[in-house]
Amino acid sequence: MKTSNSKVRLDKLLGSLGYCARREVAALIKDGIVTHTENLPLKPDTKVLHEEIRFKGEPLDPPSGMVILMYKPAGLVCSHDEGEGRLVYDLLPPRWRMRDPKISTIGRLDKDTSGLLLLTDDGALLHRLTSPKHKVPKVYEATLDRPLNGDEAAIFASGTLMLHGEKTPCLPSKLTILDDTHVALEITEGRYHQVRRMFAAVGNHVTALHRSHFGDLRLGDLKEGEYQILTQEEIPNESPMRLQPIRNQHL
Ligand code: URA
């Protein structure tokens, strides 16, 4: 549901943003918690615009269609399953768990990987940015257990590297050597544990992994555990490569 520019029932709007159950809206209006910017009378079935409503005097959370850029710390899991430990969703306001449509990560980072993670409730965008067809470049900085052999960049660029258990080789990728045990690797696929498995395939072992870029996006000034929201207007429709973070917005 796009809630920004079309009128929707107040109870549906608040329910979809996770503020409350729809049946609770009447009481919230009565208690003055939910109000109209022009002080117009409200009922649960009043058709309203997202921007007309205040919750405890504050504008509502962003409507559906949002994209969140997060600096994922290592140790958090990209899953909705509470049983898996601390989740990346724990860094967001608790009521966002109740949003419909649901917020999901755009692809995943391993528990032990830190860095740039995108989340959205826009299913079409999620599909576009994770589809192998779109080949969004992602850059990972890796720390290696052993010094490089010297032939890794050529092997990764060749498009012939086979990962254990897979039937097709990895697409060519670009390795930048920072020093003997530190590299930046740009890949355009998103296979399971891809970077770790690529280094395993050339006899090395990744001891730390950090994603620094997703398309043209960077973490900018964000600190570990922080996030910012890209507004609807700031998200290009066509090329994910042009996604640009605009400003920090901590809710
Ligand atoms: N490759 C990996 O091995 N892990 C990640 O989290 C991302 C890419």
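The values are calculated or read from the model by the stated rules, or taken from the named source; none is laboratory data. The structure presented is a predicted model; accordingly, all values stated were derived computationally and were not measured. FYI the Cβ positions are ideal-geometry reconstructions off the backbone, even for glycines, and counts take in every protein chain you see. Surface areas here come from the heavy atoms of the whole protein model, side chains and all, with no ligands, DNA or RNA. Shrake-Rupley method; radii C 1.70, N 1.55, O 1.52, S 1.80 Å.
General remarks:
- Using a cutoff of 8 angstrom between alpha carbon atoms and counting only pairs six or more residues apart, the relative contact order for the chain works out to 19 percent.
- Choice from Leu178, Leu76, Leu230 showing the highest fluctuation, given a GNM over the chain with Cα pairs closer than 10 Å: Leu178
- Distances between placed amide hydrogens fall under 5 Å for Arg9 paired with Val48, all partners being 5 or more residues away or on another chain.
- Using the Cβ-Cβ distance between Asp179 and Asp216 with R0 set to 22 Å, the FRET efficiency from 1/(1 + (r/R0)^6) comes to roughly 0.25.
- Gain on full stretching of the segment that runs from Ala208 to Glu226 - 0.36 nm per residue minus C-alpha separation: 4.5 nm
- Residue-by-residue Karplus 3J(HN,Hα) for the range 127-144, coefficients 6.51, -1.76, 1.60, Hz, glycine and proline x: 4, 4, 7, 9, 5, x, 4, 7, 6, 5, x, 10, 10, 10, 9, 10, 9, 10
- For the range 168-176, the Karplus equation 6.51 cos²θ - 1.76 cosθ + 1.60, evaluated at θ = phi - 60°, returns couplings of 10, x, 5, 5, x, 9, 10, 9, 10 Hz by residue, with Gly and Pro reported as x.
- Positive dipole terminus of the chain, leading residue within Thr143, Pro101, Val195 (C-beta point charges): Pro101
- Given 10 as the ceiling on other Cβ atoms within 10 Å, longest exposed-site-free region of the chain for GluC sites (Glu not before Pro) in DSSP loops: 39-237
- When the trypsin sites (Lys or Arg not before Pro) in the range 4-101 are filtered for DSSP coil states and for at most 12 other beta-carbon atoms within 10 Å of their beta-carbon, the remaining sites are Lys56.
- Cut-off 18 Å (backbone N to label point 7 Å along Cα→Cβ of Asp81), residues of the range 105-133: 105-113
- Computed from backbone phi with θ = phi - 60° and the Karplus coefficients 6.51, -1.76 and 1.60, the 3J(HN,Hα) list for the range 98-114 is 8, 5, 9, x, 6, 8, 10, 6, 8, x, 9, 10, 4, 3, 7, 8, 10 Hz; x is used for glycine and proline.
- Flagged links, alpha-carbon separation over 23 Å, of Lys30/Lys56; Lys7/Lys56; Lys72/Lys133: Lys72/Lys133
- Sum of -39500 (n - 2.57) over DSSP H runs of 4+, divided by residues of the chain (222 nm, nearest 500): -3500 deg cm²/dmol
- Sequence-distant residues sharing a close amide H with Thr207 (under 5 Å, placed H): Thr143, Leu144, Asp145
- The heavy atoms of Ile29 offer some 30 square angstrom of accessible surface to a 1.4 angstrom probe.
- Placing +1 on the Cβ of every Lys and Arg and -1 on the Cβ of every Asp and Glu, with nothing else charged, gives the range 137-214 a dipole about its Cα centre of roughly 320 debye.
- For Leu87, the residues 5 or more places off, or on other chains, whose built amide H falls under 5 Å of its own are Val77.
- Basic side chains Lys and Arg get +1 at the Cβ, acidic Asp and Glu get -1 at the Cβ, and with that the dipole of the chain about its Cα centre reaches some 780 debye.
- Positive-end residue, the chain charge dipole about Cα centroid, Cβ charges, pick of Leu129, Thr168, Cys20: Cys20
- Take every pair of alpha-carbon atoms less than 8 Å apart whose residues are at least six positions apart; their mean separation over the length of the range 8-59 yields a relative contact order of 40 percent.
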